[in-house]
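Heads up, the thing below is written out as structure tokens.
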Amino acid sequence: MESRKPQRSALVDSYVVPGDVILDLADMTNQTIKLGAGLRQDCDTIQATSAGRLRLSKPNKYWVENSQKRYVPSVEDTVLGIVVDTKPDNFLVDIKGPNLAFLPVLSFEGGTRRNIPKFEIGTLIYARVVKANSIMNPELSCMDASGKAAEFGQLKSGYTFETSTGLARM
């Protein structure tokens with residue numbers, strides 16, 4: 001039985017435009033591919049939805065890198081945000097996207113109704129995006145996929161500054 005390496009798109013590191021077919025999934029079997037910003041699956045193909053340079057990181061994560069002016073959150077992004085409001089069930093966090101993000105009080109390691117974190121307005125949070133689409137506010141979590149805090153949560157020292165979206169992605 002021959003071991004096959006995952007097929008790499010010939011367009012990696014070149015410029016793509018919306019509608020370009022990046023990968024044909026009909027030729028691939030039992031391989032996991034993660035799609036980042038600027039890509040979508042349409043039946044048996046992966047297509048570009050925005051113009052820019054196609055990038056690939058191991059293992060099999062593709063995205064389109066472009067110089068858009070505004071950050072658009074996508075799932076599994078790690079973000080810095082500032083708490084702008086507190087509600088009984090969640091915090092509203094500004095991640096400099098089109099909408100404020102929700103950070104549920106139960107999305108912390110060991111989070112229960114009795115063990116709710118207390119964050120003041122202006123607190124800096126490091127979190128990951130767990131839900132994101134164009135019509136809803138993104139949802140954040142301060143846990144990794146296995147439910148551990150990892151490095152996520154409140155940042156206690158340091159400072160922040162604004163950068164371009166291209167520099168932030170690097």
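The values are calculated or read from the model by the stated rules, or taken from the named source; none is laboratory data. Worth saying up front: this structure is predicted, and the values here are computed from it rather than measured. No Cβ is skipped: glycine too gets one built from the backbone with ideal geometry, and neighbour counts run over all protein chains shown. These area figures cover heavy atoms from the full protein model, side chains too; ligands, DNA and RNA do not enter into them. Shrake-Rupley method; radii C 1.70, N 1.55, O 1.52, S 1.80 Å.
Assorted remarks:
- Residues in the range 26-48 that are in a strand (DSSP E or B), closer than 19 Å to Asn133 by Cβ and in contact (Cβ under 8 Å) with a residue 24 or more places away in the chain: Lys34, Leu35, Leu39, Ile46, Gln47, Ala48.
- Val129 vs. criteria open to solvent by less than 60 Å² (accessible area, probe 1.4 Å), over 18 Å from the mean Cα position of the chain (by Cα) and not assigned by the TED database to the domain that holds Gln41: no
- Candidate set from the range 66-80 (those that are outside any loop (DSSP other than H, G, I, E, B) and open to solvent by 50 Å² or more (accessible area, probe 1.4 Å)); member that is farthest from Ile95 (Cα to Cα): Thr78
- Residues within the range 44-55 that are touching a helix residue (DSSP H, G or I) at 6+ places or on another chain (Cβ under 7 Å) and either more than 16 Å from Leu25 (Cβ to Cβ) or outside the structural domain of Lys34 (by the TED database) (or both), tallied: 0
- Whichever residue in the range 49-65 is assigned to a loop (DSSP other than H, G, I, E, B) and within 15 Å of Val16 (Cα to Cα) and, among such residues, is least open to solvent (accessible area, probe 1.4 Å): Ser50
- Here Gly38 passes the criteria (1) in the same structural domain as Phe119 (by the TED database); (2) open to solvent by less than 50 Å² (accessible area, probe 1.4 Å); (3) of a type outside the set (Ser, Thr, Tyr) except the one numbered (1).
- Answer residue from the range 85-105, given it is loosely packed, with under 14 Cβ neighbours inside 10 Å and over 20 Å from the mean Cα position of the chain (by Cα) and is nearest to Ser164 (Cα to Cα) among those: Asp85
- Filter result (open to solvent by 70 Å² or more (accessible area, probe 1.4 Å) and among the hydrophobic types (A, V, I, L, M, F, W, C)) within the range 138-167: Ala145, Phe161, Leu167
- Filter pass, Tyr15 being over 30 Å from Asn115 (Cβ atoms), in contact (Cβ under 8 Å) with a residue 24 or more places away in the chain, in contact with a strand residue (DSSP E or B) (Cβ under 8 Å, 6 or more places away or on another chain) and open to solvent by 30 Å² or more (accessible area, probe 1.4 Å): yes
- Qualifying positions in the range 56-103 - without any contact (Cβ under 8 Å) to a residue 40 or more places away in the chain, within 18 Å of Ile121 (Cβ to Cβ) and either β-branched (Val, Ile, Thr) or not assigned by the TED database to the domain that holds Asp144 (or both): Val84, Thr86
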